[in-house]
Amino acid sequence: MPERRTVALVTLGCARNEVDSEELAGRLAADGWDLVEDASDADVAVVNTCGFVEAAKKDSVDALLEANDLKDHGRTQAVVAVGCMAERYGKDLAEALPEADGVLGFDDYADISDRLQTILNGGIHASHTPRDRRKLLPISPAERQDAAVALPGHAQEIAPAPADLPEGVAPVSGPRAPLRRRLGTSPVASVKLASGCDRRCSFCAIPSFRGSFISRRPSDVLGETRWLAEQGVKEVMLVSENNTSYGKDLGDIRLLETLLPELADVEGIERIRVSYLQPAEMRPGLIDVLTSTPKVAPYFDLSFQHSAPGVLRAMRRFGDTDRFLELLGTIRGKAPQAGARSNFIVGFPGETEADLAELERFLTGARLDAIGVFGYSDEEGTEAVGYEDKLHADVIAERLAHISQLAEELTSQRAEERVGETLQVLVESVESEEDGPVAVGRAAHQAPETDGQVVFTAREGLVPGRMVEAKAVGTEGVDLVAEHHELAEAAR
């Protein structure tokens, strides 16, 4: 009997990439590959790259080089790049990084098993020429649903699922849904709500390699959520480049408002979280559903990027400090404990000291639970590359350090404001440390990876996947220290 082929998936970047990796894992497992966790134990190491900003691209290149080193003293025979950076640069990346034995784009995902086998056998796969994927879909959103375009996480091709899928691999719903296999045992999993983006922010290259916006059908999202619940998932996070546009290509821009209660009713699911919201597209009805639906986290991942009107206009975005503060006030008026986070770019071309002061005014008044700060850098193919009034790198670095320090202080203060609150915490891990076992989880205002966490004062009765009620009794920076209610009552 021939030895089984083994493959490891190394995932970088955002939650959307994590979903893509699990789709690739499902396709490979269905075709007979054994998935292993450690790249050194795999015949092929597949690195799912990120192509968002320079730092992320550097991390992706480093991961490819690290995997390539395994070929000298491990089982690994081939290293293959997939994901956003691979799609964005194609043959250019292949030429610049010969350490990668293959660079595969999104169009290769449907045939990932054959592509890897060819490379493993010593064959050469001709990498694609990079192209603007926005041009592959019709301009009219209503005409996009039936377009034959590769969309990771969607699996648009209509094909029957294999009859003998391995355990843990399933077509999450219908003939258009992707195969998926979970990588890991976390009680949290992401589900793609849509792909691509129709916005034209002057600093962002994502639409050029992820394409125009296209929603997944509600039945597919529901089917995938049910399947994940069967796998033991307790919290589902809905991800896309822009969740507030969901349904516009399906004839109903309010589709998310009706879908969320249905997702919350899925047996076994304890919490639904929505990420990637555009402030300019927030609707009163969506705010109502997010703040009042049982099991839907009152969590607002709002893409503000800045608050000075002039900078926002140059970014091709909308809003200002007062309108953003009014939006947050509306949300907290409906759900005082609602979580809110955002990312910001400092040092954008033309940003003045007054603009920076305006951003500080917003951050000080916003009371955000988590803040990500990035220094501006040119991204090829974006409008901002051609802007005048570029700031010197030293100025950008200085502003980045200043706003980052402010953000750290403000988020720590926000955590302190939550001391005394009653929290619904999903336990994610129980780990052993020098002082004994420590239980860690997340409350409704904390998303995986990007936000803080809850550290319990004691671990008795706590296991991963359990949703418990706790009281915040202290802070460690942005993290909360909490006391499990059952333990607190027993001590009285």
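Odds and ends about this structure:
- Surface analysis of the range 9-137 yields an accessible area of 41 Å² per residue, using protein heavy atoms and a 1.4 Å probe.
- Gyration tensor (Cα) of the range 249-289, equivalent ellipsoid semi-axes in angstrom: 20, 13, 9
- Hydrodynamic radius by Kirkwood, which averages 1/r over all alpha carbon pairs of the range 176-321, in angstrom: 16.1 Å
- For the chain, the list of Cys residues with no other Cys C-beta under 4.7 Å reads C14, C50, C84, C197.
- Separation of alpha-carbon centers, the range 1-40 and the range 209-240, rounded to whole Å: 19 Å
- Each listed q (0.14, 0.20 Å⁻¹) maps to a log10 I(q)/I(0) for the range 2-67 from the Debye sum over equal C-alpha point scatterers, namely -0.42, -0.78.
- For V191, the residues whose modelled amide H falls within less than 5 Å of its own, excluding neighbours fewer than 5 places apart on the same chain, are M237, L238, V239.
- Mean projected area of the convex hull spanned by the Cα atoms of the chain, taken over all viewing directions: 24.5 nm².
- Secondary-structure-derived ellipticity at 222 nm for the chain, considering helices only, amounts to -10500 deg cm²/dmol, per-run term -39500 (n - 2.57) for DSSP H runs with n ≥ 4.
- Kirkwood Rh in Å, taken over all unlike Cα pairs in the range 66-115: 11.4 Å
- The largest accessible area among D111, D43 belongs to the first residue in D111, D43, and the rest follow in falling order (1.4 Å probe, all chains).
- Evaluated at q = 0.13, 0.17 Å⁻¹, a Debye calculation over the C-alpha positions of the range 249-348 (equal weights, vacuum) places log10 I(q)/I(0) at -0.51, -0.81.
- Built amide H within the under 5 Å cut-off of G465, gap 5+: V427, E428
- Note on the range 57-157: with charges restricted to the Cβ of Lys and Arg (+1) and Asp and Glu (-1), its dipole about the Cα centre is near 280 debye.
- Quick note on the range 1-158: its Rg to Rh ratio, both from C-alpha atoms and Rh being the Kirkwood radius, is 0.97.
- Among the GluC sites (Glu not before Pro) within the range 352-440, those in coil by DSSP and having at most 11 neighbouring Cβ atoms inside 10 Å are E380, E388, E434.
- P(r) of the range 81-151 over all Cα-Cα pairs, binned every 5 Å from zero, in whole percent: 3, 16, 25, 20, 16, 10, 6, 3, 1
- Subtracting the Cα-Cα distance of A393 and K471 from their residue separation scaled by 0.36 nm leaves 23.6 nm.
- If only the Cβ of Lys and Arg carry +1 and only the Cβ of Asp and Glu carry -1, the dipole of the chain around its Cα centre is close to 1580 debye.
- With q set to 0.11, 0.19, 0.20, 0.23 Å⁻¹, the log10 of I(q)/I(0) for the range 296-419, from the Debye formula over equal scatterers at the Cα positions, is -0.38, -1.04, -1.13, -1.40.
- A simple spin-label model places the labels of Q337 and E380 5.0 nm from each other, with each point 7 Å out along Cα-to-Cβ.
- Principal axis analysis of the Cα atoms in the range 346-423 yields extents of 50, 25, 18 Å, listed in decreasing size.
- Per residue, the accessible area of the range 273-323 comes to 34 Å², computed with a 1.4 Å probe over protein heavy atoms only.
- Across the options S219, G122, S275, the greatest Cα extent toward the positive end of the charge dipole of the chain (unit charges at beta carbon of Lys, Arg, Asp, Glu) belongs to S219.
- Overall, the accessible surface of the chain at a probe of 1.4 angstrom is composed of carbon and sulfur to the extent of 49 percent.
- 1.4 Å probe accessible area per residue over the range 369-492, in Å²: 52 Å²
- A dipole drawn for the chain from +1 and -1 charges on Cβ atoms has a positive end, and of G153, G247, S60 the residue lying farthest that way is G247.
The values are calculated or read from the model by the stated rules, or taken from the named source; none is laboratory data. Owing to the predicted nature of the structure, the values given are computational and were not obtained by experimental measurement. For neighbour counting, all protein chains shown are included, and Cβ atoms are generated from backbone atoms with ideal geometry for every residue, glycine included. Only protein heavy atoms, including side chains, enter the accessible area calculation; ligands, DNA and RNA are left aside. Shrake-Rupley method; radii C 1.70, N 1.55, O 1.52, S 1.80 Å.
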